Amino acid sequence: MELAELKTQYKLPNHICFIIDGNGRWAKQHHLPRSQGHIKGANKLSKIYKMVREIGIKYVSIYAFSTDNWNRPKEEVDGLMKLFKRAVKEFYDKKKYSDCRIEFLGDLSKFDADIKQSAFDIMEKTKDNTAFHINLCLNYGGREDIVQAVNKLIASGKTQVTMEDISVNLYTHNCPDPDFIVRTSGEHRLSNFMPWQSTYAELYFPKVLWPDFSKKDLIEAIREYSSRDRRFGAIKE
Ligand code: IPE
Ligand code: IPE
Ligand code: MG
């Protein structure tokens, strides 16, 4: 099936998120070091952006590195940093992203100066693009995001806040709330991903490991989303 045809048959999410889990288990299955799983997983990303865009979905977020992932062995973290450097450079160099808005969500202060600078440059350079919006969540923690938003509000002199005040100060303020969160590898949890924004998101936990996630899995995910009845606390007549 052509991806562009899905919208004629299914309801589409406006904002889809992927918690890209299972790289380590994929490597183990193939008797490879964990770093190979991360390489394979990272190589999948550009294909996912392309497919999601083809479907006609406007916003995609990828949870690639959490604030808790620093607790992994240094060698693994170093390998991931190399991949992030490459990912940032690709956004900069590749023409296919020239009409996309790219945002890096998370506390970038912990990254090397070169990644940080390139990330800020890309966000600035692409801020007026509207064709397709990609969020790459790096050193992202949902609770941390709420805390930084509240601290910004306190610094601005607020003594009382509204939900709107918090929403517009989160890293995600340029995006609508996620409609659909897909976590691969069969784990049934969000691991600190967008706790504020996900209150009415549809959740889906396919067993497939991230490096194996295919076009067929994406179509199956959309089919699943389309079958959900979203009520937002109301009732249907
Ligand atoms: C996801 O894969 C990638 C990151 C969290 C960076 P994992 O590395 O968590 O893979 P598993 O869960 O060990 O299989
Ligand atoms: C969640 O995966 C974070 C990312 C995919 C970036 P983890 O593998 O770190 O989460 P837990 O430890 O299984 O909850
Ligand atoms: Mg994992």
Calculated FRET value between GLU220 and VAL168, using beta carbons and R₀ = 35 Å, to 0.05: 0.50
Of the residues SER191, SER227, SER66, which exhibits the maximal mean-square fluctuation in a Gaussian network model of the chain defined by a 10 Å Cα contact cut-off? SER227
Given the pairs LYS58/LYS82; LYS40/LYS110; LYS74/LYS110; LYS11/LYS96; LYS82/LYS216, which span a C-alpha to C-alpha distance of over 19 angstrom in this model? LYS58/LYS82; LYS40/LYS110; LYS11/LYS96; LYS82/LYS216
Under a Cβ-Cβ cut-off of 11 Å, what is the net charge of the residues other than PHE18 that fall near it, where Lys and Arg count +1 and Asp and Glu count -1? 0
Calculate I(q)/I(0) for the range 34-94 by the Debye formula, one identical point scatterer on each C-alpha and no solvent, and give its log10 at q = 0.12, 0.15, 0.27 Å⁻¹ to two decimals. -0.35, -0.53, -1.24
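For the range 110-237, just say rounded, prolate or oblate: build the C-alpha gyration tensor, square-root its eigenvalues into a ≥ b ≥ c, call rounded for a/c under 1.5, and beyond that prolate if a/b exceeds b/c, oblate if not.
Working: a/c = 1.91, a/b = 1.26, b/c = 1.51.
Verdict is oblate for the range 110-237.
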So which chymotrypsin sites (Phe, Trp or Tyr not before Pro) in the range 168-237 pass both tests, a DSSP loop state and at most 15 other Cβ atoms within 10 Å of the Cβ? TYR200, PHE232
Taking a probe of 1.4 Å and leaving out DNA, RNA and ligands, the range 3-227 shows per residue an accessible area in Å² of 51
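Can you bin the range 180-237 into rounded, prolate or oblate? Criterion: square roots of the alpha carbon gyration tensor eigenvalues sorted a ≥ b ≥ c, rounded for a/c under 1.5, prolate for a/b above b/c, oblate for the rest.
Because a/c hits 1.5 or more and a/b fails to exceed b/c, the range 180-237 counts as oblate.
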Quick check: convex hull over the Cα atoms of the chain, volume per residue in Å³, rounded to an integer? 143
In whole percent, how big is the carbon plus sulfur part of the accessible area of the range 3-227, probe 1.4 Å, protein atoms only? 52
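How large is the Kirkwood hydrodynamic radius of the range 56-175, counting all unique pairs of alpha carbons, in Å?
Kirkwood hydrodynamic radius for the range 56-175: 15.5 Å.
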Using a Förster distance of 41 Å, the FRET efficiency for GLU124-ALA234 (Cβ separation, nearest 0.05): 0.55
Under the rule of -39500 (n - 2.57) per DSSP H run of 4 or more residues, summed and divided by the residues of the chain, what mean residue ellipticity at 222 nm is obtained, to the nearest 500 deg cm²/dmol? -13000 deg cm²/dmol
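The values are calculated or read from the model by the stated rules, or taken from the named source; none is laboratory data. Because the structure is predicted, anything quoted here is derived from the model rather than measured. Positions of Cβ are backbone-derived with ideal geometry, glycine not excepted, and every protein chain shown enters the neighbour counts. Surface areas here come from the heavy atoms of the whole protein model, side chains and all, with no ligands, DNA or RNA. Shrake-Rupley method; radii C 1.70, N 1.55, O 1.52, S 1.80 Å.
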